[in-house]
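Step one of this worksheet: look at the structure below.
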Amino acid sequence: MPFIMKLFYLVSVSFVISITMYGQPDLQTDNDDVGIEEQLNDTIPLDVTLINENGEPQQLSELIDKPTVLSFVYYRCPGICGPLMGGIADVVDKTDLQIGTDYQVFTISFDPSETAPLAKRKKTNYINTMQNKNAGNGWYFFTGDSTNISRLTKATGFKYKQQGNDFLHAGALIAVTEHGKITRYVNGTSFLPFEFKMAIIETSKGKAGPTINKVLQLCFQYDPAGQRYVLNITRVAGTIIMIAALGIFLTLTIRRRKKQSANN
């Protein structure tokens, strides 16, 4: 193997190890029918019709006029849907972009048996927990029939499976442009404000990018006392030490090769 390839291999392995040690768990499950299959740069079907919290049918083409964040849940979910909606409320409060002006959030039930009154109650419950009481003007809750929901979830790569009266599914935010182009996935149920803001800003420019949550969480952690995200010194130091050790190893290897070449 050429020396430069060995160098690239060692650096790549170190980076992957760092992310694996400190990143979030992968949202793909053991079941291939459940998870998130990213569809970056694809366009969602804007002729999909949803039912808003007031019971009115609306097409996505009428609704999406700015960067829009989609989140799929079912409102009676006993699992991650509550933390996911709580995570949205939290990050909207902590982000200095203005919801309703700079972007909007659509929370969409993928359970066709759920109705608009339930969606409205959920919206009221979460808006009441927020500091930003105007969030209701930019965070909308929807239901829909099985055909429209299936078209939208398939287009975004959101895969779920019914199990009894409940569903197996992952949690993520999906950012789309005003033209419906998918630009970013933010995985999990809690979100870093600067990652969320970056997704919105880059979506407004039409730029698609891979999920970066794992990399960001390698370096930052939330400080409850200061109510802000700060560098995780331990993790950063550990990564620096690992890279430094790799650098020393490579330096010694290069010197040994040069010495061998000179002797020859």
Quick one: which of 181, 120, 197 is surrounded by fewer than 21 Cβ atoms within 10 Å (Cβ to Cβ), in the same structural domain as residue 52 (by TED's automatic domain parsing), of a type in the set (D, E, K, R) and more than 16 Å from the chain's Cα centre (by Cα)? 120
List the strands (runs of 3 or more DSSP E) inside the range 168-264, counting only whole elements, that have at least 1 residues being modelled with pLDDT of 85 or more. 172-176, 182-187
Quick one: count up the residues across the range 100-130 that are under 22 Å from residue 156 (Cα atoms) and aliphatic (A, V, I, L, M). 3
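The values are calculated or read from the model by the stated rules, or taken from the named source; none is laboratory data. Worth saying up front: this structure is predicted, and the values here are computed from it rather than measured. Cβ coordinates were reconstructed from backbone atoms using ideal geometry, including for glycine residues, and neighbour counts include every protein chain displayed.
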